[in-house]
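This report refers to the structure that appears directly beneath it.
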Amino acid sequence: MKAAQTSRKTSSSGPDGRSRVLEIRDLKKQFGENKVLNGFNMDLFQGENLVVMGRSGSGKSVMIKCVVGLMQPDSGSIKILGKELTHLDRPELDTLRTEIGFLFQGSALYDSMTVRENLEFPLRRHADKVGNRDTESLIIEALESVKLAHTLDLMPAELSGGMQRRVALARALILKPKIILYDEPTSGLDPITAKEIIKLMQDIQDEYQTSSLIITHDVDCARVISNRMILLVDGVNYAEGTFAELSTSQDQKVRAFFK
Amino acid sequence: MVNLGDIRDRVFSFFEEVGALSRFTSRFFREAFRPPFEWAEFLNQCYYVGNRSLTLVGITGFIIGLVFTMQSRPTLLEFGAVSWMPSMVGLTIVREVGPVVTALICAGRIGSGIGAELGSMRVTEQIDAMEVSGTNPFKYLVVTRVLACIFMLPLLVLIGDALALYGSYLVEHVKGDVSFQLYFNQVFDALTFGDLLPSTIKSFFFGLAIGVVGCYKGYYCSHGTVGVGVAANTAVVVASLLLFILDFMAVVVTDIFYDL
Ligand SMILES: Nc1ncnc2c1ncn2[C@@H]1O[C@H](COP(=O)(O)OP(=O)(O)O)[C@@H](O)[C@H]1O
Ligand SMILES: [Mg+2]
């Protein structure tokens, strides 16, 4: 528990005094008797890459789904860009969601639609957000930022797993969100493709100046991409720090992650 | 030994299912009348429903007409009542066989298709992806599909009926030398508005049942790929059962109106 306490201090000041874009306090969620989140706390600051690491089944996806309102937490507060999630009605929530890009664990491309239609989908309701720009040019731009402009008229099934993940990333980016949530961006990919995805995530970070919350259990991914890390253990933010700090920690549970 | 607790659990879960299905249906009606309406997807789904089942409904209808007429012919001949054939076949097909057989085919073809499609969209998080990109997935996926079923089923029933009657006419033409004109004159003489209206209304409800059950099973699919198979399968079973229950209710209601 010592690790968690030292971390509280760092997060309250924030790196370089940057503003908080996402703030989670005392988040709790259980399914029947299965207590998944048990008072989870987290801050995401403007422009940083925060990695939340946890074992498979530790509730990472549950946490990130609470953040976008796909799941209702039992208690606790989630503040995104200064707005308390639980106080929003449906249209307000939809508007807020345009500021959040979500990369799903298995890409989640619509398999009955072409790549173009997949990217068009978020624009259907929110074209106004990107200043009535021509849909086509937005789609091309997003696809180019993941280097897949030539796949425009292909179906997702015709793409490799890595390409699907990149298209999904383009779809998450198309509304130019301020925050991007990545649910296991490298899961199910071979190491080389995984490296490509991580490289893309970094490029996108440089280009769009987004704040990223990356959920993973992949240590390599965490080392490369993270500015800061939180370890999710037993439903709480067990430890917090940079990759270097955590990987040299003496704490048993922390060390288990880096073996 | 039959375990009482086991039976009680089954009964409970049956009623739970009925309750959940009713809530799903009422949500469908609420969301169907609230803008925005997904026209493009609705038309798309109408095309799919028609395209997927038209051939099957047509062929089945045609064969049922043929077989039905061939088999009842000897009996009618025996009583010297073979001239009643067109009206008898017409009434049976239009009132009962046409709607029920068409609906059963659609339950197998469309109900399972919707269950599998929405089920796989659920387990691969595509439905979640829609939700976060600002499109209400219930409206986009469920409302359009159920409405497509409701509108297309009566149309398919009409086509099935027509082909069944045509099949029946062919038999009569070959065996009894009845002309097209004579055959269909007799059919339409026998049919009244009171036969067509209930069977059309019934078909709308059959469409509703097939669409709602397929969507419900798929939308709440869980347990990965295995769950998708289960969703498709139970969609057909539940929809078929529901069709017979609805059909029975329709017959009872129609009967009451006839007595008035
Ligand atoms: N919809 C749900 N219903 C019941 N249990 C769930 C649901 N979603 C997740 N869980 C449970 O919550 C736990 C954490 O799941 P998840 O967040 O997906 O793990 P991960 O950290 O691997 O992403 C698991 O034990 C899982 O069984
Ligand atoms: Mg997960």
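The values are calculated or read from the model by the stated rules, or taken from the named source; none is laboratory data. Keep in mind it's a predicted model, so treat the numbers as computed, not measured. In this analysis, Cβ positions are derived from the backbone assuming ideal geometry, glycine residues included, and neighbour counts consider all displayed protein chains. For accessibility, only protein heavy atoms count, side chains too; no ligands or nucleic acids. Shrake-Rupley method; radii C 1.70, N 1.55, O 1.52, S 1.80 Å.
With respect to A:E196, determine if the residue is open to solvent by 10 Å² or more (accessible area, probe 1.4 Å), away from ligand 1 (no atom under 16 Å from the Cβ) and in contact (Cβ under 8 Å) with a residue 12 or more places away in the chain.
yes
Are any residues in segment A:22-44 within 16 Å of ligand 2 (Cβ to nearest atom) and of a type outside the set (A, V, I, L, M), and if so, which ones?
A:K29, A:F31, A:N34, A:F40
Of the residues that make up segment A:73-88, is at least one within 16 Å of ligand 1 (Cβ to nearest atom), more than 13 Å from B:E131 (Cβ to Cβ) and crowded, with 20+ Cβ neighbours inside 10 Å?
Looking for residues that are within 16 Å of ligand 1 (Cβ to nearest atom), more than 13 Å from B:E131 (Cβ to Cβ) and crowded, with 20+ Cβ neighbours inside 10 Å, one finds at least one in segment A:73-88, hence yes.
If you go through segment B:143-162 one residue at a time, do you hit one that is closer than 29 Å to B:T234 by Cα, without any contact (Cβ under 8 Å) to a residue 12 or more places away in the chain and β-branched (V, I, T)?
No, segment B:143-162 contains no residue that is closer than 29 Å to B:T234 by Cα, without any contact (Cβ under 8 Å) to a residue 12 or more places away in the chain and β-branched (V, I, T).
Just checking, how many residues over segment B:125-161 are at pLDDT 95 or above and either of a type in the set (V, I, T) or over 24 Å from A:F104 (Cβ atoms) (or both)?
Result for segment B:125-161: 20.
I'd like the full set of residues that are assigned to a strand (DSSP E or B), touching a residue at least 12 places away in the same chain (Cβ under 8 Å) and away from chain B (no Cβ under 13 Å), limited to segment A:62-106.
A:S75, A:G76, A:S77, A:I78, A:K79, A:K83
For residues that are within 12 Å of another protein chain (Cβ to nearest Cβ) and within 16 Å of ligand 2 (Cβ to nearest atom), scanning just segment A:173-187, find the one that is nearest to A:G47 (Cα to Cα).
A:L181
Among the residues of segment A:48-61, which ones are within 13 Å of the chain's Cα centre (by Cα) and either more than 16 Å from ligand 1 (Cβ to nearest atom) or not in a helix (DSSP H, G or I) (or both)?
Listed by number, the residues that qualify are A:E48, A:N49, A:L50, A:V51, A:V52, A:M53.
Being more than 16 Å from ligand 2 (Cβ to nearest atom), in a helix (DSSP H, G or I) and either under 27 Å from A:S58 (Cβ atoms) or among the basic types (K, R) (or both), is that true of even one residue in segment A:203-211?
Yes; the residues of segment A:203-211 include at least one that is more than 16 Å from ligand 2 (Cβ to nearest atom), in a helix (DSSP H, G or I) and either under 27 Å from A:S58 (Cβ atoms) or among the basic types (K, R) (or both).
How many residues does segment B:204-220 contain that are open to solvent by 30 Å² or more (accessible area, probe 1.4 Å) and closer than 12 Å to B:A148 by Cα?
1
Check segment A:159-171 and report whether any residue there is within 16 Å of ligand 2 (Cβ to nearest atom), assigned to a helix (DSSP H, G or I) and within 14 Å of chain B (Cβ to nearest Cβ).
yes
For residues that are without any contact (Cβ under 8 Å) to a residue 40 or more places away in the chain and assigned to a loop (DSSP other than H, G, I, E, B), tally how many sit in segment A:172-193.
The qualifying residues number 3.
Take B:Y183 and decide whether it is open to solvent by less than 20 Å² (accessible area, probe 1.4 Å), at pLDDT 95 or above and not charged (D, E, K, R).
no
For segment B:134-157, give me each residue that is out of contact with any Asp or Glu (no Cβ under 7 Å at 6 or more places or on another chain), open to solvent by 10 Å² or more (accessible area, probe 1.4 Å) and assigned to a helix (DSSP H, G or I).
B:L147, B:I150, B:F151, B:M152, B:P154, B:L155
Only one of these conditions is not met by A:G47: (1) away from ligand 2 (no atom under 16 Å from the Cβ); (2) within 24 Å of B:F138 (Cβ to Cβ); (3) surrounded by fewer than 20 Cβ atoms within 10 Å (Cβ to Cβ). Which number is it?
Among (1) away from ligand 2 (no atom under 16 Å from the Cβ); (2) within 24 Å of B:F138 (Cβ to Cβ); (3) surrounded by fewer than 20 Cβ atoms within 10 Å (Cβ to Cβ), the lone unmet condition for A:G47 is (2).
Could you tell me which numbered condition A:K28 fails, if it satisfies all but one of (1) more than 12 Å from ligand 1 (Cβ to nearest atom); (2) within 14 Å of another protein chain (Cβ to nearest Cβ)?
Looking at each condition in turn, A:K28 falls short on (2).
Do we find that A:D153 is within 13 Å of chain B (Cβ to nearest Cβ), open to solvent by 20 Å² or more (accessible area, probe 1.4 Å) and part of a loop (DSSP other than H, G, I, E, B) in this structure?
no
Can you find, within segment B:191-238, the residue that is farthest from ligand 2 (Cβ to nearest atom) among those that are assigned to a loop (DSSP other than H, G, I, E, B) and either small (G, A, S) or under 18 Å from B:P99 (Cβ atoms) (or both)?
Among those residues, the one meeting the criterion is B:T192.
With respect to A:L169, determine if the residue is more than 16 Å from ligand 1 (Cβ to nearest atom) and surrounded by 23 or more Cβ atoms within 10 Å (Cβ to Cβ).
In short, yes.
I'd like to know if segment A:33-42 contains one or more residues that are polar (S, T, N, Q) and closer than 26 Å to A:E245 by Cβ.
So far as segment A:33-42 goes, yes, one or more of its residues are polar (S, T, N, Q) and closer than 26 Å to A:E245 by Cβ.
For segment A:172-183, how many residues are more than 19 Å from A:G69 (Cβ to Cβ) and open to solvent by 10 Å² or more (accessible area, probe 1.4 Å)?
Residues flagged as more than 19 Å from A:G69 (Cβ to Cβ) and open to solvent by 10 Å² or more (accessible area, probe 1.4 Å) within segment A:172-183 amount to 1.
Those residues that are in a loop (DSSP other than H, G, I, E, B) and at negative phi, I need them from segment A:225-259; list them, please.
A:S226, A:N227, A:T242, A:T248, A:S249, A:Q250, A:D251, A:K259
Of A:F121, A:F102, which residue is in contact with a strand residue (DSSP E or B) (Cβ under 6 Å, 6 or more places away or on another chain) and among the aromatic types (F, W, Y)?
Only one candidate passes the filter, namely A:F102.
Give the residue that is nearest to the other protein chains (Cβ to nearest Cβ), with candidates limited to residues of segment A:107-133 that are polar (S, T, N, Q) and surrounded by fewer than 21 Cβ atoms within 10 Å (Cβ to Cβ).
That would be A:S112.
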